[in-house]
Ligand code: SF4
């Protein structure tokens, strides 16, 4: 019984690996056509190595509230490399102080985040509450690194917004313990609460011309 399950588990893993490679590489190819600097990594360890190589001592590095970056332990690893972390979620910050850190993030050396969805056409789709993440992804930081597991890849723009309404946003607001209906029902109800976190919708269809913009696709499920 156990060996049968193990052989099925191995087969399922092989099929999932193949699928991730296939859609991951196709997405990277499309991102290149859209002028992004894009790479495909089989594992999170390879991804972390590539990110850390882009950071030097003294650089100002910010994170866009990314669970993917947290899973990869990037903040600690970047800090150990001697970078200065601009953390708007640091304990004890007042709203004014948090706002000031988010303003500083817009001109940091390296901004690291994920994307709510990436289409097979090589376009990025994101929602934001304050706008600090999508602003930094659009202009300002010397370098932007977007890290996304293959679970973020979708067929097209319609599927991207669908993913955001049915997966990314509900889970994120559940994580944040917001009283929003998506955190109760698991799908977007297009609420109008002040705690709504979907205020800005951004499609990044091509690399902004003056940005140093990297997209790392990882063949593992990361974030949500
Ligand atoms: S609009 Fe409201 S219900 Fe919909 S995902 Fe955003 S916070 Fe949730």
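Quick note: the coordinates plus some simple rules give every number you see, no bench work behind them. In this text the structure is predicted, and so the values were computed from the model without any measurement. Every residue, glycine among them, receives a Cβ derived from its backbone with ideal geometry; neighbour counts consider all protein chains shown.
Here are the numbers:
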read-out	value
Surface/4 estimate of mean projected area, convex hull on alpha-carbon atoms of the stretch 109-148, nm²	2.8
Share of alpha-carbon pairs per 10 Å distance bin for the stretch 92-159, given as whole %	20, 43, 28, 9, 0
Net lengthening on full extension, residue 37/residue 57 (0.36 nm per residue, minus Cα-Cα)	4.9 nm
Over the stretch 7-109, equivalent-ellipsoid semi-axes from the Cα gyration tensor in Å	33, 17, 14
Debye equation applied to the C-alpha atoms of the chain, log10 I(q)/I(0) at 0.09, 0.12 Å⁻¹	-0.37, -0.66
Gain on full stretching of the segment that runs from residue 11 to residue 189 - 0.36 nm per residue minus C-alpha separation	60.3 nm
The stretch 117-216 pair-distance distribution - Cα-Cα, 10 Å bins, rounded %	15, 44, 32, 8, 0
Net length gained if the chain between residue 203 and residue 81 were fully extended (0.36 nm per residue, minus Cα distance)	40.7 nm
The chain - mean residue ellipticity at 222 nm from DSSP helices (-39,500 (n - 2.57) per run, n ≥ 4, rounded to 500)	-12000 deg cm²/dmol
Whole-number percent relative contact order across the stretch 56-170, with pairs defined as alpha carbons under 8 Å at least 6 apart	28
When the convex hull of its Cα atoms is projected in every direction, mean area for the stretch 37-168 (nm²)	8.2
Burial order of peptide ranges 57-64, 86-93, 172-179 (average beta-carbon count within 10 Å, highest first)	57-64, 172-179, 86-93
